[in-house]
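What follows is a set of notes on a single structure, which appears directly below.
Coordinate-derived values only; no laboratory data. If you're wondering where the values come from, they're calculated on a predicted model, not measured in any experiment. Here the Cβ positions follow ideal geometry from the backbone for every residue, glycine too, while neighbour counts run over all protein chains shown.
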Amino acid sequence: MWLRTSCELSFEIAVPTPFILMLRPRSGAQQWVAKEEYKITPHVPVFEYTDSYSNLCQRMVAPPGIFSVHTSAEVKTVDLMDQVPGAPFVEVQYLPDFVLSYLLPSRYCESDRFGDMACEITAGLTPGYDQVQAIEDWLRTNISYIPGSSNYPMSAVEVNLKQSGVCRDLAHLGIALCRSLSIPARMVVGYLYDLKPMDLHAWFEAYVGGRWYTFDAVHTGVKGGYVSVGYGRDATDVAISNQFGPSVFPLSQVVNVEMIDSPE
């Protein structure tokens with residue numbers, strides 16, 4: 001399917017403030033970016049770089065006053081995300097080097113605390129994809145998805161205690177459970193068509209059967225309509241906006257995803 005994504009952010013800046021933004025999707029195995037638009041008002045010099053997770057990031061210094069950012073993209077994405085029950089567990093000694101960092105505990109994914117729990121959830125299942133599917137099902141059944149209930153990232157331990165959270169929080173717990181079974185898992189942030197209420201979305205991917213597969217405890221039914229923007233170990237690595245200096249919160253944030261005809 002073809003999707004048009006857009007995100008508009010507006011800030012009120014008191015003093016010159018350095019920003020790092022992560023708002024540009026890039027083409028990959030399951031999405032193709034055909035067209036992009038990126039507007040900053042007022043215009044300031046922007047320097048783009050690729051971070052250690054291959055995300056496209058933009059550096060700039062926002063001047064005092066109202067500072068706004070508008071991005072949009074037309075993206076060809078798969079109608080259905082690949083699902084391969086039975087895809088095997090990859091033993092750690094055979095994992096590619098670039099995957100190894102996604103095995104370790106991180107700030108919001110304390111995987112060293114969830115070994116027994118993960119084993120209980122996945123008892124009797126074939127190691128690999130089927131275990132991750134059981135984790136996704138368990139999250140959907142046991143952790144309440146409540147949009148707007150969490151303004152700051154919660155760690156996997158906190159989410160498990162609270163038994164509720166936003167999409168980012170459910171992803172943290174899913175990632176921690178996977179890593180505790182020596183299954184590499186990473187967080188993804190981006191867009192999801194027909195998400196209600198519409199906002200930026202977070203989910204997780206697990207590395208089994210020699211590649212990454214998408215899992216999302218928030219999205220029920222057949223999975224499709226995802227546009228990935230950023231990848232990382234947890235929410236620390238995939239913030240769409242980081243600012244440095246006095247705290248600055250968006251005056252407004254408007255996100256939209258619509259289905260379109262194929263661009264000419």
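Data table
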quantity	calculated
Nearby lysines by direct alpha-carbon distance to LYS223 (threshold 18 angstrom, same-chain neighbours under 8 apart not counted)	LYS76, LYS196
Cβ-Cβ FRET estimate between PHE47 and GLU8, R0 fixed at 25 Å, reported to 0.05	0.70
Within the chain, helix-based [θ] at 222 nm, where runs of 4 or more DSSP H residues each add -39,500 (n - 2.57), nearest 500	-4500 deg cm²/dmol
Residues with amide H under 5 Å from that of ALA62, placed H, sequence gap 5 or more	THR17, PHE19
Förster radius 22 Å - calculated FRET efficiency between ARG113 and ARG211 (Cβ-Cβ, nearest 0.05)	0.20
The chain: angle of helix 129-142 to the longest principal axis, Cα-based, in degrees nearest 10	70 degrees
Angle between the chain longest axis and helix 167-180 axis [Cα atoms, degrees, rounded to 10]	40 degrees
Assigned charges on the beta-carbon of Lys, Arg, Asp, Glu; the chain dipole about Cα centre (debye)	340 debye
Using θ = phi - 60° and Karplus 6.51 cos²θ - 1.76 cosθ + 1.60, couplings along region 25-35 (whole Hz; Gly, Pro as x)	x, 10, 5, x, 4, 10, 7, 10, 8, 8, 7
